[in-house]
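Data first, discussion second: the structure below is written as structure tokens.
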Amino acid sequence: MHKPLIIITGASSGIGEAIARLLSGAGHPLLLLARRLDRLQALELPNCLCRAVDVSDRQAFVSAVNDAQALYGPADALVNNAGVMLLGQMHEQDPAQWEQMLEVNVKGLLNGIHALVGGMIERRHGTIINVSSVAGRKTFPNHVAYVGTKFAVHGISENLREEVAAHNVRVVTIAPGAVETELLGHTTDEAIKQGYQAWKTEMGGQVLSAEDVAQAIAYAYGQPQHVCIREIVLAATRQQP
């Protein structure tokens with residue numbers, strides 16, 4: 001049976017790469033979006049269109065979606081995974097870092113939704129999966145602007161779900177705790193990065209893997225269309241906050 005197209009943003013590493021491998025292995029054609037085209041192409045996945053797209057560029061996003069749907073048919077799911085985490089004390093942080101997080105974590109998410117949800121409504125079938133964070137549910141030190149963007153993801157997701165539920169379209173929020181990915185590397189404050197690593201050490205160094213989160217995404221997507229797993233919050237067992 002022919003599997004439908006799935007679109008994944010931020011697919012060049014971490015959770016995006018892990019879910020791309022998992023869904024490709026399940027037989028889905030993919031559109032993979034990230035800024036690092038070489039990393040996407042290095043995955044060498046079958047039936048896969050790779051595009052160097054910054055999700056904050058709405059026109060480039062739409063163009064890539066149109067090309068993929070021309071090749072593989074309508075997209076049945078979007079995994080809005082692209083994200084940036086730049087930690088810092090509010091009185092010290094460069095405002096350009098807030099702007100970057102808002103562009104990618106919020107506007108990029110909205111660009112993906114806008115590019116695809118109309119077609120899903122017309123077909124009365126589809127799933128939007130937004131990768132957020134436990135930082136979209138509670139606060140953490142040095143996370144003010146990042147927490148703001150992830151609270152926005154949760155609010156957008158729930159409000160969107162209410163809008164599209166009557167059209168048989170699902171909206172899922174995935175909220176992981178600490179995950180072993182490149183995300184922390186975006187932060188420029190070395191003291192904060194060292195503190196974050198120490199926090200992980202206090203948990204015995206056992207945090208979620210990208211594959212753990214990918215399995216949660218695949219589980220939510222794999223339910224029958226009439227079942228919407230609205231939100232999955234997952235973290236390492238030893239993570240307390």
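For Ala26 and Arg230, what is the calculated FRET efficiency with R₀ set at 22 Å and r taken between the beta-carbons, to the nearest 0.05?
That gives a FRET efficiency of 0.45.
Counting helices only, and only those DSSP H runs with n ≥ 4, report the 222 nm mean residue ellipticity of the chain as the sum of -39,500 (n - 2.57) divided by its residues, in deg cm²/dmol to the nearest 500.
-13000 deg cm²/dmol
If you take every residue apart from Leu23 with its C-beta less than 13 Å away from the C-beta of Leu23, what net charge results, scoring Lys and Arg +1 and Asp and Glu -1?
Combined, the nearby Lys, Arg, Asp and Glu give -1.
What is the ratio of the Cα radius of gyration of the range 85-133 to 2.2 N^0.38 Å, where N is its residue count, to two decimals?
Rounded to two decimals, the normalised Rg is 1.57.
Label points 7 Å out from Cα along the Cβ direction at Phe140 and Glu163: separation in nm?
A separation of 2.9 nm, rounded to one decimal place.
Where does each of His114, His28 land when they are ranked from fewest to most other beta-carbon atoms within 10 angstrom?
The order, fewest Cβ neighbours first, is His114, His28.
Which net charge results for the neighbourhood of Asn130, defined as the other residues with beta-carbon distances under 12 angstrom from its beta-carbon, given Lys and Arg at +1 and Asp and Glu at -1?
+2
I'd like the Kirkwood hydrodynamic radius of the range 1-123, using the inverse of the mean 1/r over distinct C-alpha pairs, in Å.
Result for the range 1-123, one decimal place: 14.8 Å.
Which whole-number percent of Cα pairs in the range 54-129 have a distance greater than 21 Å?
Beyond 21 Å sits 35 percent of the P(r) for the range 54-129.
Counting other beta carbons within 10 Å of each residue's own, what order do Arg51, Arg238 fall into, fewest first?
With the fewest neighbours first, Arg51, Arg238 line up as Arg238, Arg51.
On a 0 to 90 degree scale, rounded to 10, what angle separates helix 58-72 from the longest Cα axis of the chain?
So the helix axis and the longest Cα principal axis differ by about 40 degrees.
Loop-only GluC sites (Glu not before Pro) in the range 36-134, please: DSSP not H, G, I, E or B, and at most 12 other Cβ atoms within 10 Å.
Taking the range 36-134 and a limit of 12 other Cβ atoms within 10 Å, the loop GluC sites (Glu not before Pro) found are Glu44, Glu92.
What number results when the radius of gyration of the chain, computed over Cα atoms, is divided by 2.2 N^0.38 Å?
0.97
Using alpha-carbon pairs under 8 Å, 6+ residues apart, how would you state the relative contact order of the chain in percent?
Relative CO of the chain lands at 20 percent.
Over all Cα pairs of the range 81-204, how is the pair count split among 5 Å bins, expressed in % and running from 0 up to the last occupied bin?
Per 5 Å bin, starting at 0, the Cα pair percentages come out as 2, 11, 20, 21, 17, 12, 8, 6, 3, 1.
Cα axis of helix 14-25 to longest principal axis of the chain: angle in degrees, 0 to 90, nearest 10?
For helix 14-25, the angle is close to 30 degrees.
Could you tell me how many degrees, from 0 to 90 and to the nearest 10, lie between the Cα long axis of helix 190-202 and the main elongation axis, the longest principal axis, of the Cα atoms of the chain?
80 degrees
Every number here is computed from the coordinates shown, using simple stated rules; none is lab data. Just so it is clear, the structure is predicted and the values come from calculations on it, not from any experiment. Because the Cβ atoms are built from the backbone with ideal geometry, glycine has one as well, and the counts that use them run over all protein chains shown.
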